[in-house]
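Before any comments, here is the structure.
The values are calculated or read from the model by the stated rules, or taken from the named source; none is laboratory data. Only a predicted model underlies this, so the values are computations on that prediction, with no experimental measurement involved. Using ideal geometry, Cβ is built from the backbone for each residue, glycine included, and neighbour counts are taken over all protein chains shown. In case anyone asks, the SASA skips ligands and DNA or RNA and just uses the protein heavy atoms, side chains included. Shrake-Rupley method; radii C 1.70, N 1.55, O 1.52, S 1.80 Å.
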Amino acid sequence: MQRTISFTLNGKPARVTVDDQRTLLWVLRGDFGLTSVKFGCGAALCGACTVIVEKAAVRSCATPIKDVAGKRVLTIEGLSQDRELHPIQDAFLKRHAFQCGFCTPGMILSAYALLLKTPRPARAEIIRHMDDNLCRCGSHVRIVEAIQEAAGSMKGGAR
Amino acid sequence: MSPENPTRREVLGLAGSGLFVIFPAQTPRPGYPADFNAYLRIDADGRVTCLVGKVELGQGSKTALAQLLAEELDVALESVDMVMGDTDVCPWDGGTHGSLSIRQFGPVLRGAAAEARAVLLELAAERLGAPVGRLQVKAGVVTDSQAAGQRVTYAQLVQGKRIERHLEKTPLKAVAGYTVVGQSPRRKDALDKVTGRAKYAGDMAVPGTLHARILRPPAHGATLKDADTTAAEKVAGVRVVKDGDMVAVLHERRDVADQVLDLIKARFDRPRPGQDDKTIFDHLLKAAPEGRVVDQSGDIVQGAQASENLVEKTYLNSYVAHAAMETHSATAMIEGGKVTVWVGTQSPFGVQQQVAQALGFTPQNVRVVTPYVGGGFGGKSAARQAIEAARLAKLTGKPVQVVWDRAEEFFYDTFRPAAVVTIVSGLTRAGKISVWDYKVYCAGDRECKQFYDIPHQRTVSAGGWSGASTPGLHPFGIGPWRAPSVNTNTFARESHIDILANKAGVDPVEFRLGHLSDKRVRRVLEAAAKQFDWKPAPTPSRRGVGVACAIYLGTYVATMAEVTVDKSTGRVEVKRVVCAQDQDVTVSPDGSRQQMESSITMGLGYALTEEVRFKDGEVLERNFDTYRIPRFSWLPKIETVLIENPETPASGCGEPPIVTMGAVVANAIFDAVGARMFQLPMTPARILEALKRG
Ligand code: FES
Ligand code: FES
């Protein structure tokens, strides 16, 4: 059904009039030009399209736009405040927790949701939480280290 | 035009000043200038631009190449800009394949930088009135060692001048004097990638772009009979294109195009060639081209006679997908008779040719721009999607984007070929390998040669990993996959060596060392054993430890692993991996370690789960639910040991450890439970079967 959906996108009010069954992924990429939200599988199997809705990591490829009406949506474009890198981004950067970088926005946002909920995760918790985010380049070792480092530098004060 | 890419005019700045070094082609090709391959330009503002046809696939070559350049030129790494993989501004290149960027291209780049430095020093000598021998350079500033305060910058030296030089044989810096190479700087792509600003081919936002979805056959070999597009045509804003065998729907929103594609009712003629993922191995043995002797010494018959008894085994591996996280993507735009295609490819100049041919354009009227590539591993050499986007742009008169979905990605992937290896070997009474008769079918001959000391041996290879080799051999496309042929050859060789060690009743490390005069293999093996704290024992020791060695294009690796095997489910968990690698000059130690970790992690996939199932030309893998790639929860404890050889030039090292992963896990499984695995991947079902076999 064609409908106007209002939500908060990266801290700013957003409105779009679309078929409300369209997926958040393609509305963000196509209608809002937010190309950091990646298409990897289209079936909630890889995590490349991860965004934050309210405080949870969500697969935007499996989320109809109507589900975010009235909610706060965060993509990686909105993560770095005042152009300063978020501590998770900083840790990914310093540890080179990426190679091709295609999975990286989804990884960072998944990690962000984890640290919101569990500011001091044990290694096993990191692995459990991140397990559905795939990385073909094999950057896993560095990603786990980066999340641990970010958790340390945020001193439990996730934002 | 993409704001990120300059035009040729801007780069060569016809009116601009600067120093240009043109260096010779690596692989000359007809129709391309024979005398140069890449440009190095030093600007009047002191920035150094390097233009290369290579691309950044994720392995960090953008940074490593910049490091080599900065080193030889004595400039700060930050002042180097790399422009990569743009056919309009970068001279011809044969493609970015695996570990080869640094190996092949490093020496040329260093030569060019040394040439530029020599020219600049001559200019500086003139300017400062001092002989070249007295001059020193640091971060692009030339000083006179005997006259304090006398200084001039590279930028000042090229100001208002236009200097063009062809590469000559200028001496290179000695490794001992390196200050940039050997450091681990921040990668040049880091900020783009952690902020989400990195643009891939599907992120190019050209105004007015239509997103295309193309009707695909259900199986390889199927041909379209008819397609009813009536329903699709009724959807507002949709364009339906039928051109020859191509039926496509286009819309300005990708997800709308997805839905409209489903409205097409199509019928296909579908032959039933009869091959599937189980019958394929017999087919390959029958249909493989004739073998070629790759290496031979001694006399096989005599070697067999010297053996107590012969051990004859066959090793199999399935087709494996590249499965990069970014699916094949391209955006094409035609303007003024010239097409620009942004495409994630390992081979921009190859794509330029293909697109030119498909559109009937001259190559000069095709510009291929390579933005960031979301993983290649050999799978992004073929660029069917670029041709599709270009054709559709021509047919519709609009910019067109083609981004394959995951099923298309599996369907058109050029898989690592399924392969068979047979080995006949034997031990003398004294427990020495007396004979080795090795034949590899359809994997290719790279590194199939034996490096253990065996008096009588022969290595034969029948069929390679290039898709074009024998038509009809494979039911779909095949091609290079990270370290082509070497994964297959190492799995077979190192498994078989382990079997012989077991027959000899000797610890597998000791057994290997007893057959190794190659110093570099010995060195990595000893280094790995030390780090792993390997305790010698004959297999199966029930500890679940294994070892495998390999040589890959001049890099030496030894890997040790510890696994647990659940005998009731057949599930394997890899607990710990130690890998020692002996390589040439290391450009970035951190980069090398990262590549090692990554290829160990990726290698777990082909070892344990990755296998393309198919039947009658239909690829049964469509997404990551059935095609399982390594995940966080698989992660072993990984330890890497780097051994450097400063006397040899840098070679880059994206891949070597991956080649040992099949064998090291197989050998550790045998050590754990006494079951020998002869087929990759080693799925729980195959492990249960092997346990039953005993
Ligand atoms: S694209 Fe959404 S999970 Fe893969
Ligand atoms: S860095 Fe390439 S997929 Fe993760």
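Does B:Ile600 meet the test of being modelled with pLDDT of 95 or more, surrounded by 24 or more Cβ atoms within 10 Å (Cβ to Cβ) and within 11 Å of chain A (Cβ to nearest Cβ)?
Against the criterion (modelled with pLDDT of 95 or more, surrounded by 24 or more Cβ atoms within 10 Å (Cβ to Cβ) and within 11 Å of chain A (Cβ to nearest Cβ)), B:Ile600 qualifies.
Here's a check for you: in segment A:93-108, which residue that is at the interface with chain B (Cβ under 7 Å from one of its Cβ atoms) and more than 12 Å from the chain's Cα centre (by Cα) is surrounded by the fewest Cβ atoms within 10 Å (Cβ to Cβ)?
A:Leu93
Please find, within segment A:123-138, the residue that is farthest from A:Cys61 (Cα to Cα) out of those that are of a type in the set (Asp, Glu) and within 14 Å of ligand 1 (Cβ to nearest atom). Walk me through it before giving the result.
Here is the first cut: in segment A:123-138, the ones of a type in the set (Asp, Glu) are A:125, A:131-132.
Applying the additional criterion that residues be within 14 Å of ligand 1 (Cβ to nearest atom) yields A:131-132.
Working: A:Asp131: 18, A:Asp132: 14 Å.
So, considering only residues that are of a type in the set (Asp, Glu) and within 14 Å of ligand 1 (Cβ to nearest atom), the one farthest from A:Cys61 (Cα to Cα) is A:Asp131.
Do we find a residue being crowded, with 22+ Cβ neighbours inside 10 Å and in contact with a strand residue (DSSP E or B) (Cβ under 6 Å, 6 or more places away or on another chain) anywhere in segment B:97-111?
No.
Does any residue of segment B:363-370 turn out to be modelled with pLDDT under 95, surrounded by fewer than 24 Cβ atoms within 10 Å (Cβ to Cβ) and either within 30 Å of B:Ile280 (Cα to Cα) or in contact with a helix residue (DSSP H, G or I) (Cβ under 6 Å, 6 or more places away or on another chain) (or both)?
Yes.
How many residues are closer than 30 Å to A:Asp31 by Cα, under 34 Å from the mean Cα position of the chain (by Cα) and surrounded by fewer than 17 Cβ atoms within 10 Å (Cβ to Cβ) if we restrict to segment B:253-285? Show your work before the answer.
Filtering segment B:253-285 down to residues closer than 30 Å to A:Asp31 by Cα leaves B:253-265.
This time we only want the ones that are under 34 Å from the mean Cα position of the chain (by Cα), so: B:253-255, B:257-258, B:261.
From the residues that got through so far, the ones that are surrounded by fewer than 17 Cβ atoms within 10 Å (Cβ to Cβ) too are none.
Qualifying residue count for the region: 0.
Inspect all residues belonging to segment B:601-619 and state whether any of them is farther than 30 Å from B:Pro475 by Cα, out of contact with any strand residue (DSSP E or B) (no Cβ under 9 Å at 6 or more places or on another chain) and among the hydrophobic types (A, V, I, L, M, F, W, C). Give the derivation first.
Within segment B:601-619, the subset farther than 30 Å from B:Pro475 by Cα is none.
Checked against the condition, which is being farther than 30 Å from B:Pro475 by Cα, out of contact with any strand residue (DSSP E or B) (no Cβ under 9 Å at 6 or more places or on another chain) and among the hydrophobic types (A, V, I, L, M, F, W, C), segment B:601-619 yields no hits at all.
Starting from segment A:37-49, keep only residues that are in the same structural domain as A:Val73 (by TED's automatic domain parsing), then list their pairs with residues that are more than 14 Å from ligand 2 (Cβ to nearest atom) and in a loop (DSSP other than H, G, I, E, B) whose Cβ atoms are within a distance under 6 Å, requiring at least 6 positions of separation or different chains.
A:Val37/A:Thr75; A:Cys41/B:Asn623; A:Gly42/B:Asp405; A:Ala43/B:Asn623; A:Leu45/B:Asn623; A:Leu45/B:Asp625; A:Cys49/A:Val37
Give me the pairs, please: first residue somewhere in segment A:57-73 and more than 25 Å from A:Arg128 (Cβ to Cβ) and outside the structural domain of A:Cys103 (by TED's automatic domain parsing), second residue anywhere and within 15 Å of ligand 1 (Cβ to nearest atom) and in a helix (DSSP H, G or I), beta-carbon distance under 7 Å, and either six or more positions apart or on two chains.
Matching pairs, first to second residue: A:Ile65/A:Leu24; A:Ile65/A:Val27; A:Val68/A:Leu24.
Of everything in segment B:200-209, what is surrounded by fewer than 24 Cβ atoms within 10 Å (Cβ to Cβ) and more than 7 Å from every other protein chain (Cβ to nearest Cβ)? Give them in sequence order.
Correct list: B:Val206, B:Pro207, B:Gly208, B:Thr209.
Does any residue of segment B:311-330 turn out to be assigned to a strand (DSSP E or B) and closer than 30 Å to B:Val235 by Cβ?
So in segment B:311-330, the residues assigned to a strand (DSSP E or B) come out as B:311-317, B:320, B:329-330.
If we keep only those that are closer than 30 Å to B:Val235 by Cβ as well, we get B:329-330.
Yes, because at least one residue in segment B:311-330 is assigned to a strand (DSSP E or B) and closer than 30 Å to B:Val235 by Cβ.
Which one is most open to solvent (accessible area, probe 1.4 Å) among residues in segment A:76-87 that are charged (D, E, K, R) and free of Cβ contacts under 8 Å to residues at least 24 places away in the same chain? Give the derivation first.
At the first step, the residues of segment A:76-87 found to be charged (D, E, K, R) are A:77, A:82-84.
Within this subset, residues satisfying the condition of being free of Cβ contacts under 8 Å to residues at least 24 places away in the same chain are A:82-84.
Working: A:Asp82: 145, A:Arg83: 212, A:Glu84: 128 Å².
Residue satisfying both the conditions and the ranking: A:Arg83.
Right, B:Pro399: under 30 Å from B:Val256 (Cβ atoms), within 16 Å of ligand 2 (Cβ to nearest atom) and touching a strand residue (DSSP E or B) at 6+ places or on another chain (Cβ under 7 Å) or not?
Numbers: under 30 Å from B:Val256 (Cβ atoms): yes; within 16 Å of ligand 2 (Cβ to nearest atom): no; touching a strand residue (DSSP E or B) at 6+ places or on another chain (Cβ under 7 Å): yes.
No; evaluated as a whole, the condition is false for this residue.
In segment A:63-74, is there at least one residue being open to solvent by less than 10 Å² (accessible area, probe 1.4 Å), within 16 Å of ligand 2 (Cβ to nearest atom) and in contact with a helix residue (DSSP H, G or I) (Cβ under 7 Å, 6 or more places away or on another chain)?
No - not one qualifying residue is present in segment A:63-74.
Identify the single condition in (1) in the same structural domain as A:Phe39 (by TED's automatic domain parsing); (2) surrounded by fewer than 22 Cβ atoms within 10 Å (Cβ to Cβ) that A:Pro119 does not satisfy, given that it satisfies every other one.
(1)
Which number in (1) within 11 Å of ligand 1 (Cβ to nearest atom); (2) modelled with pLDDT under 95 marks the one condition that A:Cys46 misses?
The number of the failed condition is (2).
Scan segment B:374-405 residue by residue and report those that are open to solvent by less than 20 Å² (accessible area, probe 1.4 Å), away from ligand 1 (no atom under 16 Å from the Cβ), within 12 Å of another protein chain (Cβ to nearest Cβ) and at pLDDT below 95.
B:Gly376, B:Gly379, B:Lys380
Residue check, A:Asp90 against (1) under 16 Å from the mean Cα position of the chain (by Cα); (2) more than 21 Å from B:Pro185 (Cα to Cα); (3) more than 16 Å from ligand 1 (Cβ to nearest atom); (4) surrounded by fewer than 24 Cβ atoms within 10 Å (Cβ to Cβ), all met but one. Which one?
(2)
Where in segment B:360-463 are there strands (runs of 3 or more DSSP E), lying wholly inside it, with at least 2 residues that are within 23 Å of B:Thr331 (Cβ to Cβ)? Break it down into steps so the answer makes sense when it comes.
Working: elements: B:366-369, B:400-403, B:419-427, B:433-441, B:456-462.
Where strands (runs of 3 or more DSSP E) fall fully within segment B:360-463 and carry at least 2 residues being within 23 Å of B:Thr331 (Cβ to Cβ), they are B:366-369, B:400-403.
Of the residues that make up segment A:14-36, is at least one within 15 Å of the chain's Cα centre (by Cα), within 16 Å of ligand 2 (Cβ to nearest atom), buried (at least 22 other Cβ atoms within 10 Å of the Cβ) and not polar (S, T, N, Q)?
no
Of the residues A:Arg120, A:Arg142, A:Arg95, which single one is more than 16 Å from ligand 1 (Cβ to nearest atom) and touching a His at 6+ places or on another chain (Cβ under 7 Å)?
Working: A:Arg120 fails: touching a His at 6+ places or on another chain (Cβ under 7 Å); A:Arg95 fails: touching a His at 6+ places or on another chain (Cβ under 7 Å).
Just one listed residue meets the conditions, A:Arg142.
Using beta carbons and a limit of 8 Å, which pairs, at least six apart or on different chains, have the first residue in segment B:627-647 and facing chain A (nearest Cβ under 10 Å) and the second one part of a loop (DSSP other than H, G, I, E, B) and open to solvent by 60 Å² or more (accessible area, probe 1.4 Å)?
Listed by first residue and then by second, the contacts come to B:Arg631/A:Asp132.
Give the number of residues within segment B:291-330 that are under 26 Å from the mean Cα position of the chain (by Cα) and at positive phi.
1
Restricting to segment A:48-62, and then to whatever is open to solvent by less than 10 Å² (accessible area, probe 1.4 Å) and over 12 Å from A:Asn10 (Cβ atoms), can you tell me which residue is nearest to the chain's Cα centre (by Cα)?
Step by step, filter segment A:48-62, then rank; the result is A:Thr50.
So is B:Leu224 at pLDDT 95 or above, within 14 Å of another protein chain (Cβ to nearest Cβ) and surrounded by 15 or more Cβ atoms within 10 Å (Cβ to Cβ) or not? Don't jump to the end; show me each part of the working.
Working: at pLDDT 95 or above: yes; within 14 Å of another protein chain (Cβ to nearest Cβ): no; surrounded by 15 or more Cβ atoms within 10 Å (Cβ to Cβ): yes.
For B:Leu224, the condition - at pLDDT 95 or above, within 14 Å of another protein chain (Cβ to nearest Cβ) and surrounded by 15 or more Cβ atoms within 10 Å (Cβ to Cβ) - is not met.
Among the numbered criteria (1) touching a Ser or Thr at 6+ places or on another chain (Cβ under 9 Å); (2) open to solvent by 40 Å² or more (accessible area, probe 1.4 Å), which single criterion is violated by B:Met661?
It is condition (2) that B:Met661 fails.
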